[in-house]
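In what follows, a single structure is set out as structure tokens and then discussed.
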Amino acid sequence: MACLALSLQPTNGPDIMLQTREWFPPSRALAALSAFRLTRLSQSSHRAASSSSASASAQPHPSSDDLDSSLGDDPLAASSGQVIVGVESKYRVIYRLVNSIYVLGVTTADDQARAATNAFDCINTVNQAVSVVVAACRGVDVTPEKVHRKYPEVYMALDIVLRGAAGAVRLAAILSSIHGDNIAKLVSSAPDAESRVRGADQWSAQMEVLSADRRATLESFSGATFELPAETLAAGDEVALAIAPVVVTEDQSQKDQPPQTTDESTEEKDPFAASEKLNKPEEALVGGFKKITDPTSDPTAALAGLEVTTLPPAEATKPTFVSVEGFEGDYGGIEFGSEEASLNDAFEGFNTAFGGGLDASEFVTTTKTKPKGPGLTGLELLATGPGEPTPATAAGSQLDGLMAAQAAAEMTTPEMYIHEEINAEFKESLLSRVGLKGTVYLRTLPPKKAAGKETEFSFRLEGTSVIKRAALLSSTVSSLENNLFHVRTGSKEEPIPVLKFSLQPKLTPLPLRVRLLKRHSGTLLSVMIQYVSNPTLPSPLTNVTFAVKLPVDPTLLNVSPKAVLNREERELRWHIPDIPLKEHTGRLRARMPVDQDSSEGELDVVGMVRFSSQGLMTLSGVSIRPASESVVQFTEVSHTYSTGNYSCL
């Protein structure tokens, strides 16, 4: 923490350049430079006024003190010096005046021991910066115009000097190459010069030779051509014919090939796969029956061509294990119970696409309900005026205020938590887009309880390997590297978002996998949503709402299970209280008649999912920890995550 910032400030005019360390906010450096300028101008105006009053006096021979006081109108016009600026945050500014430009170095104004160390280190840095500026201007005649001509070279050189990476040898190399044509050589050649002075091996030169050889070898091989003999080509054609599948026509396949039976129970099945009967026309199902008009014929003859399928083996009734990452488990299978209804439930959906046979009046409720009037025949309204809220609204607001006041009264330390928003889009069973945005919030003590004190502490983030990019609120929090952050802010009533981040798409966890199936046959539209929960979630999902945007306002509607229809928004909603982590695929069905026929075009149906959760663990795995385990300066409360745009097409 020797030198925090370097700056070039002309005597008249705006600052030319400012270089700061990574963890020092530029706003604080600008505040220190502005305070230095104000100090210089205020003292110069005061000295000018005192000198003018001295000259106006009727002394025939002015004293030596008056002559010394009238030398120059800028008290900081000496070749070098230091001054402490600032009121609340004090900084020590080391300055050197080169012609008409101040070279300034900013450091902290600490106690006696540390101040001496920081001051001497900062003086050394300022001296190196002066050497860079003088070399760039080819002499001590330093002006803003000359600095602007060599602005990139001065900028890169001051960056190296500020970070303390410029030794005596490297500084000499930088000064000698500052008027070269290549800026990259200014930065990269200095370490080589230092290595040569110390007698080290020139690894860079050796690596350049090896790189040139490798590039030449690649170019020679990329331009070379090879001719294979005819025997090798013939052998390759024979292998290709043996590997390639044989193309056979339909007539030959029906005559020559025997029927092949595959054991479907051993194949891995997709839990979201639709039934094959959806694609079969109705004529194919009805064509298997032949109507016999002759009443004298034998009734058993009608059963002669009927094929009775045998019952599947016991292995077919067992569930199928799916090894998809994140959704491992057993899916499917049929279990028979002793109850009579279990047989119907097991084979539900085999006859038609989505079961059918549901009464809309039994399962559908609408949101158009009659508002309840005030109780007690409106007597409670007599206690309120024309502009006052009703007793129920006033009681609710008073209860919310009391709960917020009680939570603020119980708070003894600042609180931090993370809120995450998950966005995902599914097309059929495939995930097309996914994204997770997280925000770290800071809740300070209330202003009345803080009594004007600032909130200041450090914290650490863990599990940041999945983060793609992040942004800080620079006025409140600063980075100390190695996932350490320092917070300093005043007290506020509302939570403060101090840090925002987004995850890498390939490492974003999915709490729920959704698939939307749609079938438009004639004027009948059938929709089904299949969903399954991620078994690796920290806690099961609760209060999940599935919504389907309908293309028309339905007159008749069959749903399973019960749903709520909003006719104004043309939205059908299912409310699921909870979804266990280890459960089979859930299904939501709806069927309705539409005016548009399937031959005229398909109708667009969009499904959406809304849910939110709260717990001690985040969905992304990012957590907040104190910078030191021995001293805890804040409290980590429950984290939350919710859905943003979670849809299926």
Next item on the list: For residues that are β-branched (Val, Ile, Thr) and open to solvent by 40 Å² or more (accessible area, probe 1.4 Å), scanning just the range 395-439, find the one that is modelled with the lowest pLDDT.
Entry: THR412
Notebook entry, point to check: Are any residues in the range 544-583 open to solvent by 20 Å² or more (accessible area, probe 1.4 Å) and in contact with an Asp or Glu (Cβ under 8 Å, 6 or more places away or on another chain), and if so, which ones?
Noted result: LYS549, PRO551, VAL552, ASN558, ARG567, ARG570
Notebook entry, point to check: Failed condition for SER526, given (1) closer than 25 Å to SER429 by Cβ; (2) small (Gly, Ala, Ser); (3) open to solvent by 50 Å² or more (accessible area, probe 1.4 Å), with all others met?
Noted result: (3)
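Here's the yes/no breakdown for (1) in contact (Cβ under 8 Å) with a residue 60 or more places away in the chain; (2) exposed (fewer than 14 other Cβ atoms within 10 Å of the Cβ); (3) among the polar types (S, T, N, Q):
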| position | (1), (2), (3) |
| --- | --- |
| GLY601 | no, yes, no |
| VAL605 | yes, no, no |
| MET608 | yes, no, no |
| PHE611 | yes, no, no |
| THR618 | yes, no, yes |
| SER623 | yes, no, yes |
| GLN633 | yes, no, yes |
| SER638 | yes, yes, yes |
Check: Within the set of pairs 6 or more residues apart or between chains, which connect a residue that is over 20 Å from THR439 (Cα atoms) inside the range 404-417 to a residue that is surrounded by fewer than 12 Cβ atoms within 10 Å (Cβ to Cβ) and at pLDDT 60 or above with Cβ atoms less than 9 Å apart?
Finding: ALA408/LYS448; ALA408/GLU493
Margin query: Which count do you get for residues in the range 440-476 that are in contact with a strand residue (DSSP E or B) (Cβ under 9 Å, 6 or more places away or on another chain) and either more than 23 Å from MET617 (Cβ to Cβ) or open to solvent by 60 Å² or more (accessible area, probe 1.4 Å) (or both)?
Written below: 15
Margin query: I'm trying to understand the selection: among the residues of the range 11-29, which are under 31 Å from the mean Cα position of the chain (by Cα) and surrounded by 12 or more Cβ atoms within 10 Å (Cβ to Cβ)?
Written below: GLN19, THR20, ARG21, TRP23, PHE24, PRO25, PRO26, ARG28, ALA29
Note to self: Restricting to the range 603-649, name every residue that is of a type in the set (A, V, I, L, M) and within 26 Å of SER533 (Cα to Cα).
What the structure shows: VAL605, VAL606, MET608, VAL609, LEU616, MET617, LEU619, VAL622, VAL637, LEU649
Next item on the list: Please work out if THR444 is hydroxyl-bearing (Ser, Thr, Tyr), in contact with a Gly (Cβ under 8 Å, 6 or more places away or on another chain), at pLDDT 90 or above and over 23 Å from PHE611 (Cβ atoms).
Entry: yes
Note to self: Let me confirm something: among SER53, SER131, which residue is in a helix (DSSP H, G or I), on the phi < 0 side of the Ramachandran plot, at pLDDT below 60 and not aliphatic (A, V, I, L, M)?
What the structure shows: SER53
Item checked: Residue list for the range 491-509, restricted to those being open to solvent by less than 30 Å² (accessible area, probe 1.4 Å) and free of Cβ contacts under 8 Å to residues at least 60 places away in the same chain -> ILE496, VAL498
Checklist line | Output for the range 464-495, where each listed residue is outside any loop (DSSP other than H, G, I, E, B) and hydroxyl-bearing (Ser, Thr, Tyr) | finding: THR464, SER465, SER478, SER479, THR489
Check: Got a sec? Which strands (runs of 3 or more DSSP E) wholly within the range 530-635 have at least 1 residues that are touching a Leu at 6+ places or on another chain (Cβ under 9 Å) and under 30 Å from ARG460 (Cβ atoms)?
Finding: 541-549, 612-615, 623-626
Check: Which residues, taken from the range 497-529, are assigned to a strand (DSSP E or B) and within 18 Å of the chain's Cα centre (by Cα)?
Finding: PRO497, VAL498, LEU499, LYS500, PHE501, SER502, LEU503
Item checked: Filtered residues of the range 1-10 (kept if over 34 Å from the mean Cα position of the chain (by Cα) and not in a loop (DSSP other than H, G, I, E, B)) -> LEU6, SER7, LEU8, GLN9, PRO10
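The values are calculated or read from the model by the stated rules, or taken from the named source; none is laboratory data. Because the structure is predicted, anything quoted here is derived from the model rather than measured. No Cβ is skipped: glycine too gets one built from the backbone with ideal geometry, and neighbour counts run over all protein chains shown. In case anyone asks, the SASA skips ligands and DNA or RNA and just uses the protein heavy atoms, side chains included. Shrake-Rupley method; radii C 1.70, N 1.55, O 1.52, S 1.80 Å.
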